[in-house]
Amino acid sequence: MSGQMPEVVPSLKPLGRLDGPARLRLSINLPLHDQGALSNLIQQIYDPAHPLYHHYLTPDEFDARFGPSEADYQAVIAWATRSGFTITDRHHNRMILGVNASVTDIERALRVTMRTYAHPTERRTFFAPDAEPSLDMSLPILNIGGLDNFARPHPANLRRAPLKVSAKATALNIGSGPNGNLAGMDYRAAYAPGVSLTGTGQKVGLLEFDGYFPGDITTYESQVGVADVPLDVILLDEFDGEPGEADGEVALDIEMAISMAPGLSSMVLFEAGPEGVPTDVLDAMSTNADIKQLSCSWFFGPITTGTRTKMEDYFMTFAVQGQSFFVASGDLGADTNGVAISPPGDDPNVTLVGGTVLATAGPGSAWMSETVWNSQEGPGYDESSGGVSTSYPIPSWQTGVSMTANNGSKAKRNCPDVAMSADNMFIVADDGQFETTGGTSCSSPLWAGFMALVNQQAVALGQPAVGFLNPALYHIGTNSAYTACFDDITIGNNTNTTSSIHWLAVPGYDLCTGWGSPSGGSLIIALTQPDGFQITPGRGAVANGPAGGPFTILTQTFSLTNTGNAALNWSLGATPVWLNVSGTNGTLAAGGGGSSVSLSLNAAANLLPVGVYMAELWFTNVSSGLTQLRQFTVQVGQDLVLDGGFEAADFCYWILSGDSSIYTNNFTDFSYDPYGLDYPAYQGTNFAALGQVSDLAYLSQSLPTQPGQLYLLSFWLENNTGATPNQFLVQWSTNSFSANAIYDQTDLGTFDWKNLEFVVAASSNITTLQFGARNDNDFFGLDNVSVLAVMPPTIQTAAAVNGTLQLTFSAVPGAEYQLQYTTNLAQGSWTDLGNIIPATSNPMPGSAAMGLDSQRFYRVRLLPQ
């Protein structure tokens, strides 16, 4: 029997031998019949042109056609009994036989010696056979689970920390959870806006290797305002369900899925303990075929080839039975050698989910942008995993994807397939603890919840479940519906310190986030009731500006296309008074007929007070009755900087670049105090500690700006020791390679937190704010970075009183203005009168002494400095 022994065993020196009377729990796995026919059937079931399209098998039908025969099962039972094994579990599908046996009996029956070894990468010992097992007769046995404990299942999630909320903290302001973290209905607002589906009648199944505290789930539901979803637990491998060290992973999975699908009829947890056998859990999931969406946020570790083969059997079973299986891609960043794509991640019959950093227009508000999840902080591995499988060839549905720009493989399976939010997520775990978390462990159950919405719609239409998702996803990704159904993540990478190749986000499919994240109801329609009425792009615009305008985006145009075989009529619902539309209805000819609708902000938008305003634009295919939502959002007087207070505890919204050798130095670039020096942030818990040695490291963020608009840049800076050499640089430019330096100081002395403010002007739609820092012996502290659009100063009154010029003008408190005058009313040269720093809000009275000549005319102006 090949493939039963961990590959590392022959290179290790045994520590000892397992005691003969000790007993082990084994899972004897039998192979499926006719694998070739099974593979062909999967191709047929997911080919829309085939008569068997979406004609799934029930578990009984699958067992009868492909499962082990009763004769095979009885032969294995007879052998196990003769070998002295105690039969503990007989499975209806005959794919597994559970036994309990002494080490002595195992050694005799399998002709091995069970030895112990020092684990090469973990601080523990493990047991394993010293050779591949062999049998004294021909038996239909594919794999024996539990014969070693070299690989233990472990959560894919690597990021969890207690949520620290300070009264002075600058909240993230992206979600409705504590400290502005994403929580509850925020995920629906971002990924399923306007969708009334809640997962009613659907179940989500979660693969787990630990238990959870029930009170954590009810606390989360109460805290974030989602309905109570019934939880059913199926205990496996003699696990008692008591929560252990990884309970946070289980709580996270539950809370993410119910946030996306709060109307689920139930959540089913398949729980084996920390010593559980993965194939036992997969077997239980396959026998519960009424659960159409399954999620796994665990890695199975470096499993044997026998276990991998059996694992593949179950994924094919899911596909034939119409079950979707989502797997977290992991948090180890770019992979070039297969290590980061731990089983079951690279299997071609699962949907692998990468991670993003989601930015919204505010709590419970519209999707604004997404980038690849990459903390970019220190030497850790907090990046969305992706890469090329070394185990599996490229599947048929991936062959039509161009791999030129993304550097993917044309011969091997590329990972991941899709993505969702993976940072700044609020959960309740560890028996009542409020925590902030991240990682692709969040993304996979979110997709399972989204799939429950899809399958609820399928049921309402009298259709079968969508099943294995990848064939449909890749079909959508390679045709005209892509931009309407997905948010294409094109910014970021999943670099790490162990790989020489770093995958980059590119337009279309990439090895960071796959096709991207769902853009809402359009994907649900495409998966369940393809409609000829296509609206691109899949998202509306987000405009930003000061009260009174102008705004970064004034217009947006939607392209309307009819790809169907019959003409269709469309209509657009009501719009707010601050938004003009070019048309509200029309007819599109069949087979590619097109039109467009332009939206534009009008004068009423300039009257909106500070706040966030969202127009919901409902486009209806009058001929079919289907509606699709697009949103146009206006942020009035909102900060352009994402996480300027660094309360996310990483640089997820920032781009950090510097010398990789900084990881070996005492101080480097972090978004918190990593060395326990107890340097307090200016506000809140975290701040950016910038201290690269010998050269500048750069921290930057690209901001949406309006050409010609003035902005107030404000931040707080500290230098604790004044040790030299040091340098701090601030740049504001449309091109980071030729950035405009607005502050550049070297060898700064010691100072506590101080506020620096600059009024800057934008010359492009995108402006890069960049900080450069070098501090060879300590670090600079940076906190509370903000950029706010401001109106130019407007002189409201001007008078000459006793030889003094007195003015009132609109101003930004704290900003500095320069007052100038000229006596040449045509053009003339300007003379400085001095600078004014208002301390109060508009209007600001100001005055300047000047020798006034009553026989002359004067022209004065104020300039922001």
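The values are calculated or read from the model by the stated rules, or taken from the named source; none is laboratory data. The shown structure was predicted, so the numbers you read here are calculated from the model rather than taken from an experiment. As a convention, Cβ positions derive from the backbone with ideal geometry for all residues, glycine included, and neighbour counts pool all protein chains shown. The protein model used for the area step is the full one, side chains on, heavy atoms only, and it has no ligands, DNA or RNA in it. Shrake-Rupley method; radii C 1.70, N 1.55, O 1.52, S 1.80 Å.
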(request) Kindly rank 220-231, 24-35 from highest to lowest mean number of other beta carbons found within 10 Å of each residue. (result) 24-35, 220-231
(message) Taking amide H atoms as placed 1.01 Å from N in the peptide plane, list the residues 5 or more away in sequence, or in a different chain, whose amide H sits under 5 Å from that of Val268.
(response) Val204, Gly205, Leu206, Asp232
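Working out 0.36 nm times the residue gap between Gln433 and Val610, then minus their Cα-Cα distance, what length gain in nm do you get to one decimal? Write down the numbers at each step before the final one.
Numbers: separation 177, 0.36 × 177 = 63.72 nm, distance 3.49 nm.
That works out to 60.2 nm of additional length.
I want the local charge near Glu255. Using Cβ-Cβ distances under 9 Å, sum +1 for each Lys or Arg and -1 for each Asp or Glu among the other residues.
Within the 9 Å Cβ shell, the charges total -3.
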(message) Once the cut-off is 56 Å, how many percent of the Cα-Cα pairs in the chain end up in the long-distance tail?
(response) 18
(request) Order Phe213, Phe315, most accessible first, counting only protein heavy atoms with a 1.4 angstrom probe. (result) Phe213, Phe315
(request) Give the percent of DSSP beta bridges with both residues in region 291-417 that are antiparallel, rounded to the nearest 5. (result) 45
(message) Give me the net charge for the shell around Asn173: Cβ to Cβ below 13 angstrom, other residues only, Lys and Arg +1, Asp and Glu -1.
(response) -4
(request) Rounded to whole Hz and in sequence order, give me ³J(HN,Hα) for region 296-306 from the Karplus expression 6.51 cos²θ - 1.76 cosθ + 1.60, θ = phi - 60°, writing x for Gly and Pro. (result) 9, 10, 10, 9, 8, x, x, 6, 6, 5, x
(message) 5 Å is the cut-off here: which amide hydrogens, built 1.01 Å from N in the peptide plane, fall below it relative to Gly67, excluding neighbours closer than 5 in sequence?
(response) His33
(message) Taking θ = phi - 60°, what integer Hz values does the Karplus form 6.51 cos²θ - 1.76 cosθ + 1.60 yield along region 748-765, in sequence order, with x for Gly and Pro?
(response) 5, x, 6, 7, 7, 3, 9, 8, 10, 10, 9, 9, 10, 10, 9, 10, 8, 6
(message) Give the average over all directions of the projected area of the C-alpha convex hull of region 257-395, one decimal, in nm².
(response) 10.7
(request) Could you list which residues have their amide H under 5 Å from that of Phe533, counting only those 5 or more apart in sequence or on another chain, with H placed in the peptide plane? (result) Thr563
(message) Over region 492-617, with the other protein chains present, what is the accessible area per residue in square angstrom, probe 1.4 angstrom?
(response) 38
(request) Using a 1.4 angstrom probe on heavy atoms only, work out the carbon and sulfur share of the accessible area of the chain in %. (result) 51
(request) Give the accessible area for His91 in Å² (nearest 10); use a 1.4 Å probe, count only protein heavy atoms, and leave out ligands, DNA and RNA. (result) 50
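With the contact rule set at Cα under 8 Å and sequence spacing of 6 or more, what percent relative contact order holds for the chain? Spell out each step's value before the answer.
On the way: 2300 pairs, mean separation 82.0, N = 865.
Contact order relative to length: 9 percent.
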(request) Return one whole number: the accessible area per residue of region 684-759 in Å², for a 1.4 Å probe. (result) 39
(request) At 1.4 Å probe size, with no ligands or nucleic acids counted, give the accessible surface of Thr563 in Å², nearest ten. (result) 70
(message) Keeping all protein chains in the complex and leaving out DNA, RNA and ligands, what accessible area do you get for Ser2 with a 1.4 Å probe, in Å² to the nearest 10?
(response) 100
